[in-house]
Amino acid sequence: MSLGKWLGFLALVLSLYILWKIRVIVLVFFTAVILAIALNRLARRFQQSGARHEVAIALTVAILVVILFGSIWVIVTRLSSQFQELTQLIPLGIEQLRLWSNWLQARVPDSALNNLPNFFDNLSQQLQTFSQWVISHIYLFLSNSLSLVINSLLITVLTIMLVANPMPYRRVIISLFPAFYRQRVDQILTECEKGLMGWLAGIGLSMTFIGITTTVGLYFLQVKLPFINGSLAFLLALIPYVGAMLSVIPPMLLALLDSPVKAGAVLLLYFAIQQIEGNLVTPIIMKEKVSLLPAYTLALLAAFGTFLGFLGLLLALPILIIAQTLVQEVLIKDILDRWESAPSRKP
């Protein structure tokens, strides 16, 4: 390799190392970008209704501040104690699952059920691992009040700056590309914005529907801590496929403290909510569906959850949407679709 190629390789490695070191800041900035895209759309709606640009921005920022600090107040004052209670009750539910398996083995002494205790022991261990991972990551993310407030303030400031005057930041990104490609970059950024807005519309309705219906359903089933389990279902709705499976574990274990029948009712409740949400609610609002391959999505979720923690897990899907848009627009349309085979040489 020539000296120039070695220098380029070292520059790439150094850039990746720096990005890894500031990964939390990058994720916070990306969160601000997603919020700014949604709020810019809201500000444009205010302007279309007759409000001046400054008034539309002020109304949009006010809505952001109220929602953000209202959420922080609810988390700090209401949910922290319930998270602690949930972490204490989950082991009791797992122990109740073991006791119920022993009871069933004693009542049904069939040779086909000889391996039932081992099955339930393995299931209990897996449930304990899953529940501890989910609760610990969410609890660490929400319980550190100082870190939560600092990150929230940083996200708020960055979002306000992006909402108030987004065009200079967009022009900076476009100017990094050659002059002949800048118009195309502007189109690609618009496509990325459309993809994120489609995802925001679908996931916003999905989270709201799942959170409300789960809380109401658990309340009528008289499962302990319905509000905190509804909040878990609301947050985990951000994670496709995996979120629905993880969110049902804590309320099922809590329901086992009362009876196996109630645990089965909780499972049926979550199944019904997911079916209604996936087949009826989200398709109505999500006009521009984001088509993602399940295998790639699950692999990315696992990687982001392992290396970047809970915040990375929540942002994995929008990052995948942007990556898919870039691959479709740049790699496929601009490179591969225009690739001309070299003319064959005649002897």
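The values are calculated or read from the model by the stated rules, or taken from the named source; none is laboratory data. Source: prediction; values computed, not measured. Note: ideal-geometry Cβ built from the backbone for every residue, glycine included; neighbour counts use all protein chains shown.
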Of those in segment 161-196 that are free of Cβ contacts under 8 Å to residues at least 60 places away in the same chain and not in a helix (DSSP H, G or I), the residue farthest from the chain's Cα centre (by Cα) is PRO178
Would you please name the residue that is surrounded by the fewest Cβ atoms within 10 Å (Cβ to Cβ), looking only at residues in segment 203-224 that are hydroxyl-bearing (Ser, Thr, Tyr) and at pLDDT 90 or above?
-> TYR219
In segment 160-174, which residues are surrounded by 14 or more Cβ atoms within 10 Å (Cβ to Cβ) and among the charged types (D, E, K, R)?
-> ARG170
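Suppose we filter GLN275, GLN222 for residues that are outside any helix (DSSP H, G or I) and either touching a residue at least 60 places away in the same chain (Cβ under 8 Å) or among the polar types (S, T, N, Q) (or both); which single one remains?
The conditions single out GLN222.
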Screening SER152, SER143 for residues that are at pLDDT 60 or above and surrounded by 14 or more Cβ atoms within 10 Å (Cβ to Cβ) leaves only SER152
Could you check, for segment 38-50, whether at least one of its residues is modelled with pLDDT of 80 or more, of a type outside the set (D, E, K, R) and not in a helix (DSSP H, G or I)?
-> yes
Log entry, pairs with first residue in segment 1-22 being without any contact (Cβ under 8 Å) to a residue 40 or more places away in the chain, second being in a helix (DSSP H, G or I) and among the aromatic types (Phe, Trp, Tyr), beta carbons closer than 8 Å, six or more apart or on different chains, reads MET1/PHE9
Exactly one of ARG78, ARG107 is under 29 Å from LEU232 (Cβ atoms), exposed (fewer than 15 other Cβ atoms within 10 Å of the Cβ) and at pLDDT below 70, and that residue is ARG78
